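The values are calculated or read from the model by the stated rules, or taken from the named source; none is laboratory data. Since the structure is predicted, the reported quantities are computational estimates derived from the model, not experimental observations. Using ideal geometry, Cβ is built from the backbone for each residue, glycine included, and neighbour counts are taken over all protein chains shown.
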Amino acid sequence: MNKGAKRTLRKLIIAVPLMFAFGFALVPLYDVFCEVTGLNGKVFQSEHSDNLLTDEGRSIALQFISTNNENMPWTFKPSKQVMKIETGKYHTATFYVKNTTNKRMVAQAVPSVAPSNAAAHLKKLECFCFEQQELMPGEEANLPVRLLVSNDLPSNIKNIILSYTIFDITEYDDEVLALNETSVE
């Protein structure tokens, strides 16, 4: 083996484990990035959320937005577009969903919070986004979100937007898909 090949082999022996380690480091780095910026709906629930309750709250508006991913045929909308809430108190909102197809489907909602600096002050105690939602053909449901906005919310924030995008995550059996494709032809 010549010197050039040995040098390349040494570099590869070092580079491959480094790339592998970097791949594992991306997940915690992404979580830190989302926590700092509030992007991609990374909202964290406090273990001490009961300590956040006080009688000294202020009134803010909480706006709900729902979006379907392009491949999601369900009806998905908030029961109320805007709620007036008090910081430091628990509030419950609901989202209406309906499976408009003739097949069983499973969905996952992904939240996002704006402005991004409000995300650290929004504590979701219960949310349909924590779990996958399975609906049978034509089935409908009201999905709850129980939340609390901390009194530590900066005073310049008067409105918070809580947005959800719903995705189809149904795992279809390859045999069923093949049968459907042949019946279409």
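If you go through the stretch 84-114 and keep only what is more than 15 Å from Tyr164 (Cα to Cα), surrounded by fewer than 16 Cβ atoms within 10 Å (Cβ to Cβ) and of a type in the set (A, V, I, L, M, F, W, C), you end up with just Val106. Looking across Lys77, Lys123, one residue alone is closer than 16 Å to Ile160 by Cβ and either of a type in the set (Lys, Arg) or touching a residue at least 24 places away in the same chain (Cβ under 8 Å) (or both). It is Lys123. Looking across Asn142, Asn180, Asn156, one residue alone is at pLDDT 90 or above and out of contact with any strand residue (DSSP E or B) (no Cβ under 9 Å at 6 or more places or on another chain). It is Asn156. Among the residues making up the stretch 1-38, those that are of a type in the set (D, E, K, R) and either modelled with pLDDT of 85 or more or exposed (fewer than 10 other Cβ atoms within 10 Å of the Cβ) (or both) are Lys3, Lys6, Arg7, Arg10, Lys11. Being of a type in the set (S, T, N, Q) and either outside any strand (DSSP E or B) or farther than 30 Å from Lys103 by Cα (or both) is the filter here; which residues of the stretch 139-157 pass it? Result: Ser150, Asn151, Ser155, Asn156.
A count restricted to the stretch 120-138 and to residues that are assigned to a helix (DSSP H, G or I) and at pLDDT 95 or above stands at 0. When Glu70 is tested against (1) of a type outside the set (S, T, N, Q); (2) under 17 Å from Val145 (Cα atoms); (3) loosely packed, with under 13 Cβ neighbours inside 10 Å, just one condition goes unmet, and that condition is (2).
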